[in-house]
1. For the range 324-352, name all the residues that are over 22 Å from Arg279 (Cα atoms), open to solvent by 10 Å² or more (accessible area, probe 1.4 Å) and at pLDDT 95 or above.
2. May I ask you to list the residues in the range 329-372 that are of a type in the set (Gly, Ala, Ser), over 25 Å from Gly246 (Cα atoms) and in contact with a Lys or Arg (Cβ under 7 Å, 6 or more places away or on another chain)?
3. Can you confirm whether Trp121 is touching a helix residue (DSSP H, G or I) at 6+ places or on another chain (Cβ under 9 Å), open to solvent by 20 Å² or more (accessible area, probe 1.4 Å) and aromatic (Phe, Trp, Tyr)?
4. With the condition being closer than 30 Å to Asp590 by Cα and not basic (Lys, Arg), I'd like the strands (runs of 3 or more DSSP E) fully within the range 430-488 carrying at least 2 qualifying residues.
5. Would you check if there is a residue in the range 415-435 being open to solvent by less than 60 Å² (accessible area, probe 1.4 Å) and at pLDDT below 90?
6. From (1) in a loop (DSSP other than H, G, I, E, B); (2) touching a strand residue (DSSP E or B) at 6+ places or on another chain (Cβ under 6 Å); (3) at pLDDT 90 or above, pick out the condition that doesn't hold for Ala90.
7. Tally time: how many residues in the range 569-594 are over 21 Å from Leu65 (Cβ atoms) and open to solvent by 60 Å² or more (accessible area, probe 1.4 Å)?
8. Would you check which residues across the range 381-414 are in contact (Cβ under 8 Å) with a residue 24 or more places away in the chain, open to solvent by 70 Å² or more (accessible area, probe 1.4 Å) and not in a loop (DSSP other than H, G, I, E, B) and list them?
Amino acid sequence: MPADPAFDPENRELYTTLMRSPDGYRFDHAVATTYSLDFETALAIPIAVVFRDAENRDEMLRSPLALLQSVERMAGRIAIYCDRGRIKEARPNAARLMALYEKTITEVSAPGGGAFHPKLWCIRFQPERKGAPTRMRLAILSRNLTNDRCWDLALCLDGTVKDDTNEANEPVVQLLRALPSLANSATRPPAPKFLPSLLRDLERCSWDELPAGATKIRFAVNGLDAGSWSPQKGERLAILSPFVSGSALKHLAEGYDNPSACQLVARAEELDCIKPAVRGLFEVRTLDERATKYEEEDRDKACSADLDGLHAKAYVVERGSRLHIHLGSANATTAALVPTRGGRTQNVEIMATLDGPKTRMGTIEEALFSDGFQRLLAPYTPSEPPEQDAAAAAEKALEKLRTKIAALPLDLHCTQLTDAIGLELAAASKVPPIEIPEGVSCFVRAITVANERGHDALPLLSGSEPRKALGSVPLGDVTRWLGMRLRDEDTGVELAFTLGARLIGLPDGRDAAVLRAHIANVENFFRYLGLLLGSLGEGSFLESENAGEGQWLRRFGQGGASLLEPMVRALNLDSGELIEIARLIKRLEDPNGGKSIVPKDFLALWASFAPLVASKGARH
């Protein structure tokens with residue numbers, strides 16, 4: 001029996017701990033995939049890398065300057081791919097910062113017409129000591145990059161880049177290599193510059209000791225090529241899947257003699273839609289309602305679109321003397337597991353398999369159904385399938401419309417006006433008109449425009465107008481992200497999401513304008529410097545945040561004198577902070593020739609450093 005059951009609910013980790021560098025290493029580059037995404041959670045990733053002591057997501061998001069600083073430093077070092085049309089509605093506090101983060105996120109589509117559904121992180125760490133090997137981390141998750149309140153699973157592997165190829169990693173390499181090509185060809189951005197070298201390192205990465213007593217690791221990807229993964233048959237099977245379909249469950253149960261050999265844990269409302277004969281192939285349980293009771297206190301903070309309850313996916317098979325634990329993104333559904341006529345599945349999915357002797361990994365009961373996990377489960381009691389009332393039908397129709405709109409390649413044209421930027425939306429290539437159901441409205445707006453219903457998008461979608469004017473915004477509010485809202489007028493059902501467009505004609509200086517909008521005064525300038533030099537001084541930004549904004553001025557001094565020590569240290573270490581300060585001062589200059597927010601006292605101090613920084617920069 002394993003000493004530490006892999007599925008014990010007490011074995012929890014924060015999502016952001018995945019970003020933490022091993023001792024003696026620093027974060028280098030990362031690529032991630034997710035089905036859905038919200039901007040607030042996506043912004044928590046760079047801050048977790050830059051400020052390693054920041055564990056609380058809410059505390060992170062209360063510090064917009066810390067977010068700004070971390071996004072600036074991580075630009076070009078992280079690439080995130082998500083299913084097109086599955087970025088959640090943006091909240092105003094995150095919308096403007098996403099202009100600096102917009103090149104990090106690319107929306108993609110599954111070649112088979114289903115969902116782009118894999119959830120993974122592949123991270124490279126470089127050694128601080130010369131001669132030490134490069135390290136990598138691979139996380140295969142059931143978790144989306146969202147603030148959902150779900151029971152999820154994560155497999156985290158750490159390894160070292162060596163000389164020989166590790167053939168086991170090839171499916172992951174193929175998936176990551178294919179990512180740039182899954183974006184719409186009409187508006188496809190270039191692949192990240194770091195991706196080829198990261199893939200070469202992943203090909204040669206050997207993983208450290210495997211978890212759960214496993215002796216082998218395998219990976220599989222569905223939905224890219226012909227052929228599909230499903231768990232190998234054994235003597236006994238246990239499935240953990242929130243969403244299920246009858247055909248997939250029948251496929252999984254084939255070859256097992258009786259229901260006692262197949263156990264299934266799924267959402268009750270999903271099971272209600274499965275025929276009794278198919279349910280009868282399994283011993284069925286659900287997550288006990290008490291397992292989510294702890295969430296109720298925070299319910300008012302959650303978005304209605306956030307998921308909760310069971311979201312983990314796992315398939316555990318006893319096969320002779322061995323146990324296979326399959327973890328990843330694939331639900332027990334037709335789209336995830338059953339190939340179509342073309343031979344591939346509709347969805348793109350990724351799964352990892354931990355394989356080892358039962359003497360090390362245990363049986364299904366020992367590995368999966370630990371005492372802690374058993375306490376979360378309850379017998380399944382069938383109910384009548386939910387009736388398809390008018391609201392449910394409307395929601396279904398809006399989802400179909402979302403899919404059609406999300407497939408459109410869109411351009412957002414920018415025009416310089418006297419004191420603002422005019423925005424016009426248009427299709428990026430010739431596309432067939434979208435038929436809008438009667439009684440359905442569609443509104444679109446730039447996400448930085450708050451509290452606005454938006455502009456009627458129907459003329460553009462139906463093809464009756466080639467362009468749709470979206471008003472004008474300040475240069476610092478220009479972003480490629482659009483807020484979309486669909487509404488069924490009869491039922492009042494609404495569906496809101498964020499969609500990306502390609503920016504055309506963006507004037508120079510947009511990023512600097514975003515920076516000036518956030519660092520709008522002397523106090524914020526010193527706070528930003530404190531964050532930039534924070535790793536060279538004492539304490540953390542969170543301590544200072546709690547101490548109140550005035551502490552920053554007292555700490556660093558309005559005249560900049562107390563900045564001298566960390567700046568001298570940065571100069572001696574040649575660690576790059578002073579080059580960032582030089583760039584910051586330049587970007588904070590008023591493009592119209594007005595007064596800079598950088599105080600004269602600091603500029604006087606900086607005058608002593610600037611020639612040395614320029615000299616070091618020239619040598620680099």
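1. Those that are over 22 Å from Arg279 (Cα atoms), open to solvent by 10 Å² or more (accessible area, probe 1.4 Å) and at pLDDT 95 or above: Leu327, Gln346, Asn347.
2. Selection gives Gly356 alone.
3. Taking the combined requirement at face value, the residue does not satisfy it.
4. Answer list for the range 430-488: 467-473, 481-488.
5. Yes, because at least one residue in the range 415-435 is open to solvent by less than 60 Å² (accessible area, probe 1.4 Å) and at pLDDT below 90.
6. Result: Ala90 passes all but (3).
7. Counting residues in the range 569-594 that are over 21 Å from Leu65 (Cβ atoms) and open to solvent by 60 Å² or more (accessible area, probe 1.4 Å) gives 7.
8. Selection gives Glu395, Thr403, Lys404.
The values are calculated or read from the model by the stated rules, or taken from the named source; none is laboratory data. The structure displayed is predicted, hence computed values, not measured ones. In this analysis, Cβ positions are derived from the backbone assuming ideal geometry, glycine residues included, and neighbour counts consider all displayed protein chains. Please note that ligands, DNA and RNA were not included when accessible areas were found on the heavy atoms of the full protein model with its side chains. Shrake-Rupley method; radii C 1.70, N 1.55, O 1.52, S 1.80 Å.
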